[in-house]
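Reading through the C-alpha coordinates given below for one structure.
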Amino acid sequence: MRDDVKQLLSLQETDLKIKSLQAELAKIPQLQESAKTRLTNDEQALAEAKKSYQENEVAIKNIELDIGTRRNTIERLKTQQFETKKNDEYAKLGEEIIRYSKEVDDLETRELELMEIADQHRSTIESAKNSLSKTQSFVDEEITELQSRADQKRDTLSQEESLRGEKELVIDEDLLANYRRLFDKRNGDAVMLVSHERSCSSCHVQVTPATYASAQSGGEIAHCDNCGAILFTQ
Ligand SMILES: [Zn+2]
(Lines give C-alpha, C1' and ligand atoms only; values in the text may rest on other atoms or scores of the structure.)
Protein backbone atom coordinates (compact mmCIF):
# COMPACT_ATOMS: atom_id res chain seq x y z
CA MET A 1 0.00 0.00 0.00
CA ARG A 2 1.25 3.50 -0.79
CA ASP A 3 2.40 5.47 2.23
CA ASP A 4 0.00 8.34 1.53
CA VAL A 5 -2.96 5.90 1.25
CA LYS A 6 -1.85 4.32 4.52
CA GLN A 7 -1.81 7.81 6.09
CA LEU A 8 -5.26 8.58 4.68
CA LEU A 9 -6.59 5.31 6.03
CA SER A 10 -5.30 6.20 9.47
CA LEU A 11 -6.79 9.70 9.16
CA GLN A 12 -10.11 8.17 8.12
CA GLU A 13 -10.08 6.00 11.25
CA THR A 14 -9.75 9.16 13.37
CA ASP A 15 -12.35 11.01 11.30
CA LEU A 16 -14.84 8.16 11.78
CA LYS A 17 -14.26 8.26 15.55
CA ILE A 18 -14.83 12.04 15.53
CA LYS A 19 -17.97 11.65 13.44
CA SER A 20 -19.43 9.04 15.78
CA LEU A 21 -18.52 11.06 18.91
CA GLN A 22 -20.21 14.13 17.43
CA ALA A 23 -23.34 12.09 16.65
CA GLU A 24 -23.43 10.69 20.21
CA LEU A 25 -22.91 14.15 21.72
CA ALA A 26 -25.74 15.57 19.62
CA LYS A 27 -28.12 12.97 21.05
CA ILE A 28 -27.43 13.77 24.71
CA PRO A 29 -29.59 16.92 25.15
CA GLN A 30 -32.46 14.99 23.57
CA LEU A 31 -31.94 12.09 26.02
CA GLN A 32 -31.93 14.56 28.91
CA GLU A 33 -35.20 16.09 27.70
CA SER A 34 -36.82 12.69 27.35
CA ALA A 35 -35.71 11.80 30.90
CA LYS A 36 -37.57 14.89 32.13
CA THR A 37 -40.80 13.82 30.42
CA ARG A 38 -40.88 10.82 32.76
CA LEU A 39 -41.91 13.30 35.49
CA THR A 40 -45.08 14.26 33.62
CA ASN A 41 -47.21 11.31 34.75
CA ASP A 42 -46.30 11.81 38.41
CA GLU A 43 -46.86 15.56 38.18
CA GLN A 44 -50.29 14.99 36.66
CA ALA A 45 -51.23 12.45 39.34
CA LEU A 46 -50.28 14.93 42.07
CA ALA A 47 -52.21 17.78 40.42
CA GLU A 48 -55.31 15.57 40.12
CA ALA A 49 -55.09 14.47 43.77
CA LYS A 50 -54.84 18.13 44.87
CA LYS A 51 -57.77 19.10 42.67
CA SER A 52 -59.99 16.33 44.10
CA TYR A 53 -59.04 17.41 47.63
CA GLN A 54 -59.92 21.06 46.86
CA GLU A 55 -63.27 20.10 45.34
CA ASN A 56 -64.09 18.03 48.40
CA GLU A 57 -63.14 20.96 50.67
CA VAL A 58 -65.53 23.23 48.76
CA ALA A 59 -68.31 20.65 49.18
CA ILE A 60 -67.62 20.54 52.96
CA LYS A 61 -67.75 24.37 53.17
CA ASN A 62 -71.09 24.41 51.32
CA ILE A 63 -72.55 21.81 53.68
CA GLU A 64 -71.41 23.88 56.65
CA LEU A 65 -73.14 26.93 55.17
CA ASP A 66 -76.33 24.89 54.67
CA ILE A 67 -76.16 23.66 58.28
CA GLY A 68 -75.67 27.26 59.52
CA THR A 69 -78.67 28.52 57.53
CA ARG A 70 -80.90 25.77 58.94
CA ARG A 71 -79.69 26.36 62.51
CA ASN A 72 -80.58 30.06 62.16
CA THR A 73 -84.02 29.07 60.86
CA ILE A 74 -84.48 26.69 63.81
CA GLU A 75 -83.59 29.52 66.25
CA ARG A 76 -86.05 31.83 64.52
CA LEU A 77 -88.81 29.19 64.64
CA LYS A 78 -88.12 28.52 68.33
CA THR A 79 -88.49 32.25 69.09
CA GLN A 80 -91.76 32.34 67.15
CA GLN A 81 -92.91 29.23 69.01
CA PHE A 82 -92.06 30.85 72.35
CA GLU A 83 -94.00 33.99 71.43
CA THR A 84 -97.14 32.38 70.00
CA LYS A 85 -100.31 31.98 72.02
CA LYS A 86 -102.02 29.68 69.52
CA ASN A 87 -101.78 25.92 70.09
CA ASP A 88 -102.11 24.93 66.44
CA GLU A 89 -99.46 27.45 65.38
CA TYR A 90 -97.20 26.18 68.20
CA ALA A 91 -97.60 22.61 66.95
CA LYS A 92 -97.01 23.64 63.31
CA LEU A 93 -93.82 25.48 64.27
CA GLY A 94 -92.76 22.40 66.26
CA GLU A 95 -93.12 20.25 63.13
CA GLU A 96 -91.03 22.73 61.11
CA ILE A 97 -88.33 22.64 63.81
CA ILE A 98 -88.26 18.82 63.66
CA ARG A 99 -88.06 18.89 59.85
CA TYR A 100 -85.12 21.35 59.86
CA SER A 101 -83.36 19.45 62.68
CA LYS A 102 -83.65 16.25 60.63
CA GLU A 103 -82.09 18.08 57.65
CA VAL A 104 -79.25 19.29 59.90
CA ASP A 105 -78.65 15.67 61.04
CA ASP A 106 -78.55 14.46 57.44
CA LEU A 107 -76.18 17.26 56.44
CA GLU A 108 -73.89 16.50 59.40
CA THR A 109 -73.80 12.82 58.40
CA ARG A 110 -72.87 13.86 54.87
CA GLU A 111 -70.21 16.22 56.21
CA LEU A 112 -68.61 13.38 58.20
CA GLU A 113 -68.55 11.23 55.09
CA LEU A 114 -66.86 14.03 53.14
CA MET A 115 -64.31 14.47 55.93
CA GLU A 116 -63.40 10.79 55.65
CA ILE A 117 -63.03 11.27 51.91
CA ALA A 118 -60.77 14.28 52.64
CA ASP A 119 -58.52 11.96 54.69
CA GLN A 120 -58.30 9.59 51.73
CA HIS A 121 -57.45 12.51 49.42
CA ARG A 122 -54.73 13.65 51.83
CA SER A 123 -53.09 10.22 51.80
CA THR A 124 -53.38 10.10 47.97
CA ILE A 125 -51.59 13.47 47.83
CA GLU A 126 -48.86 12.18 50.14
CA SER A 127 -48.20 9.07 48.06
CA ALA A 128 -48.31 11.11 44.83
CA LYS A 129 -45.69 13.45 46.33
CA ASN A 130 -43.52 10.47 47.30
CA SER A 131 -43.73 8.95 43.82
CA LEU A 132 -42.86 12.29 42.26
CA SER A 133 -39.86 12.80 44.50
CA LYS A 134 -38.60 9.26 43.80
CA THR A 135 -38.98 9.77 40.04
CA GLN A 136 -37.36 13.20 40.40
CA SER A 137 -34.26 11.68 42.01
CA PHE A 138 -34.01 8.98 39.31
CA VAL A 139 -34.35 11.62 36.63
CA ASP A 140 -31.78 13.91 38.30
CA GLU A 141 -29.39 10.95 38.52
CA GLU A 142 -29.92 10.11 34.87
CA ILE A 143 -29.41 13.72 33.77
CA THR A 144 -26.19 13.95 35.80
CA GLU A 145 -25.01 10.65 34.35
CA LEU A 146 -25.72 11.88 30.81
CA GLN A 147 -23.88 15.10 31.60
CA SER A 148 -20.75 13.28 32.73
CA ARG A 149 -20.99 10.99 29.71
CA ALA A 150 -21.11 14.13 27.53
CA ASP A 151 -18.09 15.60 29.33
CA GLN A 152 -16.08 12.40 28.76
CA LYS A 153 -17.05 12.32 25.09
CA ARG A 154 -16.06 15.97 24.67
CA ASP A 155 -12.63 15.19 26.17
CA THR A 156 -12.14 12.22 23.84
CA LEU A 157 -13.37 14.35 20.95
CA SER A 158 -10.80 17.07 21.59
CA GLN A 159 -8.03 14.42 21.84
CA GLU A 160 -9.14 12.90 18.54
CA GLU A 161 -9.31 16.32 16.93
CA SER A 162 -5.73 17.16 17.87
CA LEU A 163 -4.66 13.72 16.64
CA ARG A 164 -6.43 14.49 13.36
CA GLY A 165 -4.50 17.74 13.11
CA GLU A 166 -1.22 15.83 13.47
CA LYS A 167 -2.23 13.24 10.90
CA GLU A 168 -3.28 15.88 8.37
CA LEU A 169 0.10 17.63 8.57
CA VAL A 170 1.94 14.85 6.73
CA ILE A 171 -0.57 14.53 3.86
CA ASP A 172 -0.33 16.38 0.54
CA GLU A 173 -2.81 19.29 0.38
CA ASP A 174 -4.56 18.28 -2.86
CA LEU A 175 -4.84 14.67 -1.78
CA LEU A 176 -6.23 15.79 1.56
CA ALA A 177 -8.82 18.01 -0.16
CA ASN A 178 -9.82 15.12 -2.40
CA TYR A 179 -10.10 12.83 0.64
CA ARG A 180 -12.21 15.39 2.56
CA ARG A 181 -14.57 15.77 -0.37
CA LEU A 182 -14.99 11.96 -0.61
CA PHE A 183 -15.37 11.54 3.14
CA ASP A 184 -18.18 14.12 3.30
CA LYS A 185 -19.93 13.04 0.11
CA ARG A 186 -19.74 9.29 0.85
CA ASN A 187 -20.56 9.51 4.54
CA GLY A 188 -17.13 8.39 5.74
CA ASP A 189 -16.34 5.92 2.93
CA ALA A 190 -13.27 7.67 1.44
CA VAL A 191 -10.48 5.07 1.55
CA MET A 192 -11.84 1.60 0.88
CA LEU A 193 -10.61 -1.94 0.46
CA VAL A 194 -11.02 -3.57 -2.95
CA SER A 195 -11.35 -7.35 -2.64
CA HIS A 196 -9.55 -10.06 -4.63
CA GLU A 197 -12.76 -10.32 -6.67
CA ARG A 198 -12.23 -6.59 -7.52
CA SER A 199 -15.32 -5.55 -5.53
CA CYS A 200 -15.23 -2.06 -3.96
CA SER A 201 -16.14 -2.42 -0.27
CA SER A 202 -18.09 0.86 -0.35
CA CYS A 203 -20.35 0.58 -3.39
CA HIS A 204 -19.83 -3.19 -4.02
CA VAL A 205 -19.40 -2.61 -7.76
CA GLN A 206 -16.59 -4.53 -9.49
CA VAL A 207 -13.73 -2.31 -10.62
CA THR A 208 -11.88 -2.79 -13.93
CA PRO A 209 -8.79 -5.05 -13.94
CA ALA A 210 -6.71 -1.92 -14.70
CA THR A 211 -8.03 -0.09 -11.63
CA TYR A 212 -7.47 -3.18 -9.51
CA ALA A 213 -3.92 -3.55 -10.84
CA SER A 214 -3.24 0.09 -10.07
CA ALA A 215 -4.54 -0.27 -6.50
CA GLN A 216 -2.43 -3.39 -6.06
CA SER A 217 0.81 -2.04 -7.51
CA GLY A 218 0.61 1.24 -5.65
CA GLY A 219 2.06 3.05 -8.66
CA GLU A 220 -0.71 5.62 -8.68
CA ILE A 221 -3.61 6.34 -6.39
CA ALA A 222 -6.51 4.21 -7.63
CA HIS A 223 -10.13 5.32 -7.46
CA CYS A 224 -13.22 3.14 -7.69
CA ASP A 225 -14.62 3.42 -11.24
CA ASN A 226 -18.12 3.68 -9.84
CA CYS A 227 -18.04 5.69 -6.57
CA GLY A 228 -14.63 7.35 -6.71
CA ALA A 229 -13.41 5.97 -3.38
CA ILE A 230 -9.62 5.75 -2.96
CA LEU A 231 -8.82 2.04 -3.16
CA PHE A 232 -6.32 -0.23 -1.44
CA THR A 233 -5.79 -3.98 -1.60
CA GLN A 234 -4.97 -6.40 1.17
ZN1 LIG B 1 -16.95 2.03 -5.15
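The values are calculated or read from the model by the stated rules, or taken from the named source; none is laboratory data. All values reported here derive from a predicted model rather than from experimental measurement. Counting neighbours? That spans all protein chains shown, and the Cβs are built from the backbone with ideal geometry, glycine included.
Below is a table of values for the structure above.
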{"quantity": "Test result for H223, within 13 Å of the ligand (Cβ to nearest atom), without any contact (Cβ under 8 Å) to a residue 12 or more places away in the chain and under 25 Å from K19 (Cβ atoms)", "calculated": "no"}
{"quantity": "Residues located in the range 197-222, provided they are surrounded by 12 or more Cβ atoms within 10 Å (Cβ to Cβ) and under 21 Å from N187 (Cβ atoms)", "calculated": "S199, C200, S201, S202, C203, V205, V207, I221, A222"}
{"quantity": "Residue identified as more than 18 Å from Q7 (Cα to Cα) and either within 11 Å of the ligand (Cβ to nearest atom) or assigned by TED's automatic domain parsing to the domain that holds T14 (or both) among S202, S162, S195", "calculated": "S202"}
{"quantity": "Members of the range 67-98 that are exposed (fewer than 15 other Cβ atoms within 10 Å of the Cβ) and under 60 Å from the mean Cα position of the chain (by Cα)", "calculated": "G68, T69, R71, N72"}
{"quantity": "Condition check for R149: within 21 Å of S20 (Cα to Cα) and outside the structural domain of L25 (by TED's automatic domain parsing)", "calculated": "no"}
{"quantity": "Which listed residue is under 37 Å from the mean Cα position of the chain (by Cα), within 16 Å of the ligand (Cβ to nearest atom) and not acidic (D, E), from A150, A190, A128", "calculated": "A190"}
{"quantity": "Hits in the range 190-227 - residues which are at pLDDT 95 or above and at positive phi", "calculated": "R198, H204"}
{"quantity": "Criterion: in a helix (DSSP H, G or I), assigned by TED's automatic domain parsing to the domain that holds S52 and touching a residue at least 12 places away in the same chain (Cβ under 8 Å) - qualifying residue of L132, L112, L182", "calculated": "L132"}
{"quantity": "Residues of the range 181-196 that turn out to be of a type in the set (A, V, I, L, M) and surrounded by fewer than 16 Cβ atoms within 10 Å (Cβ to Cβ), as a count", "calculated": "1"}
